[in-house]
1. Go through segment 251-263 residue by residue and tally those that are surrounded by 18 or more Cβ atoms within 10 Å (Cβ to Cβ) and either out of contact with any helix residue (DSSP H, G or I) (no Cβ under 6 Å at 6 or more places or on another chain) or touching a residue at least 60 places away in the same chain (Cβ under 8 Å) (or both).
2. What are the residues in segment 113-132 that are among the aliphatic types (A, V, I, L, M), crowded, with 20+ Cβ neighbours inside 10 Å and under 16 Å from VAL96 (Cβ atoms), if any?
3. If you go through segment 67-108, how many residues are surrounded by 21 or more Cβ atoms within 10 Å (Cβ to Cβ) and either closer than 30 Å to LEU151 by Cα or under 20 Å from the mean Cα position of the chain (by Cα) (or both)?
4. Residues in segment 150-161: is at least one free of Cβ contacts under 8 Å to residues at least 12 places away in the same chain, surrounded by 20 or more Cβ atoms within 10 Å (Cβ to Cβ), touching a helix residue (DSSP H, G or I) at 6+ places or on another chain (Cβ under 6 Å) and closer than 30 Å to PHE220 by Cα?
5. Can you give me the ranges of the helices (runs of 4 or more DSSP H) entirely in segment 93-206 with at least 2 residues that are closer than 16 Å to LEU59 by Cβ?
6. Are there any pairs with C-beta distances below 7 angstrom linking a residue in segment 89-109 that is in contact (Cβ under 8 Å) with a residue 24 or more places away in the chain and over 19 Å from PHE42 (Cα atoms) to a residue that is of a type in the set (A, V, I, L, M, F, W, C) and in a helix (DSSP H, G or I), with the two at least 6 apart or on different chains, and if so which?
7. Go over the candidates VAL208, VAL191, VAL181 one by one and state the one that is buried (at least 16 other Cβ atoms within 10 Å of the Cβ), among the hydrophobic types (A, V, I, L, M, F, W, C) and under 26 Å from LEU170 (Cβ atoms).
Amino acid sequence: MIRPYIEMLRPEIADMDLALPAASALLATYYVTGGLPDVFLFVVAVAGAYFAITSSYVLNDYCDVDIDSINLPNRPLPSSRISRKNALSYAVLLAVIGGAAAFYLNPESLLVFIIAASVITFYSIMAKRTTFLSFVPVGISYGLVPIGVWLAFDPAGMLKTGVDPQILPLPAIFLGIMMCVTDWGFTLSGVARDVEGDSAKGAPTTPVTFGIPATSKFIFVCWVIGVAASLVIGYTAGLGPLYFAGAVAGGAWILWQSLDFIRNPVSERGGKLFLQGSRYRGVMFGSLIVDVLLLILLKSAGYPFWNFAGL
C-alpha cells in the first residue's frame, strides 16, 4: 500500500529534488556569513522544499491520468493502485507540509511558495491542455524553489538590514535562472517522451505542435543557457575549483547528451534525456555542496584557499 505513494514522488529523480534545496541553503548561508546554516533550519528547508516539489508531481499525475494511461500505464493512478481522490488528498497534504515549512522559515519564503504553487497548479490544470508554451510556467515554478530557500537564510525587503538593502544577490538570481531554464529543457524532454498520449488526448505541447526534432534543438539551447548560468553562479558566489570541475564536466556531458537527442529525435531518447537532466543537476548541486563545505572547513582550520572571485 505504501509503494505506490512513494512512486508518485518520483524517487528516480530524488537526487535532484533534495540536492537543489540543500545547495541553495548552504550557498545562501556561506555567501552571507561564510559559515554553515543552523542544522534544524537546514533540515526544515530541505524537507519542506522536497515536499513542495513532490506535491506538484502528484498533482500532475492527478490531472494527467488519462494521458498517462497511454504513456505510462504502469504508474499508480492509471494502474488503479491509487484512487484519484486519494492522489488529490496526497498532493494537498504534501503541499501543506511544504507551506508550513516555508511559513516557519520566513514570511518571504512562504510568499514565494504560494506563487510557485499557484503557477504549477495553473500548468497542471489548464496550461498543458491549452498552449504549446505550457513548459514556461513549469520552469518559473521550479526556478522559484531556490529563491524561496535562499530567502529563508538571507531575507530581503523589509526584513533586510543595512544601508542599501539588496533584494537578492547575483548568485541567488542566477541560481533561479539556471533552475528555470534547465527545467524547460528537462520538462520538454519528458514531454517528448509522452508525445503519443498528449497527441491522442489533444494536449498541444511543444513536441506535438512543432515536432520532436524542432523541440530537441530548443532543449539544447536551454541547456546551453543553464550551463552558462551555473558558471556565473560559481563566479559571483566565490566558489572554488571543486564546484567548477563538477559544473564544467557535468555541463559538457549534458550538452553532449542533448546533441545526441538532436541526432536521434525520438520519444525514447527524450525520456532518456529527461533522466539524464536530473543526474546532471544532482551532480552540479552536489559539487556545490562539497565545494562550500570544503571552503568552510579550510577557512575554519586556518589553511589558505582560493576561489574564482578572489575572496
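1. 2
2. We begin by selecting, within segment 113-132, every residue among the aliphatic types (A, V, I, L, M); these are 114-117, 119-120, 125-127.
Add one more test, that the residue is crowded, with 20+ Cβ neighbours inside 10 Å, and what stays is 116-117, 119-120, 127.
Across segment 113-132, the qualifying residues are ALA116, ALA117, ILE120.
3. The number of residues fulfilling the criteria is 10.
4. No, segment 150-161 contains no residue that is free of Cβ contacts under 8 Å to residues at least 12 places away in the same chain, surrounded by 20 or more Cβ atoms within 10 Å (Cβ to Cβ), touching a helix residue (DSSP H, G or I) at 6+ places or on another chain (Cβ under 6 Å) and closer than 30 Å to PHE220 by Cα.
5. The qualifying helices (runs of 4 or more DSSP H) are 107-122, 135-153, 170-193.
6. So the pair list comes out as TYR90/VAL58; ALA91/VAL58; ALA91/LEU59.
7. When all the criteria are applied, what remains is VAL181.
One line per residue, one yes/no per condition, for (1) in contact with a Leu (Cβ under 7 Å, 6 or more places away or on another chain); (2) modelled with pLDDT under 95; (3) among the aromatic types (Phe, Trp, Tyr):
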{"residue": "LEU72", "(1), (2), (3)": "no, yes, no"}
{"residue": "SER83", "(1), (2), (3)": "no, yes, no"}
{"residue": "TYR90", "(1), (2), (3)": "no, no, yes"}
{"residue": "LEU93", "(1), (2), (3)": "no, no, no"}
{"residue": "GLY98", "(1), (2), (3)": "no, no, no"}
{"residue": "PHE103", "(1), (2), (3)": "yes, no, yes"}
{"residue": "ALA117", "(1), (2), (3)": "no, no, no"}
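The values are calculated or read from the model by the stated rules, or taken from the named source; none is laboratory data. Just so we're clear, the structure is a prediction, and the values are computed from it rather than from any experiment. All Cβ positions, glycine included, derive from the backbone under ideal geometry; neighbour counts span all protein chains shown.
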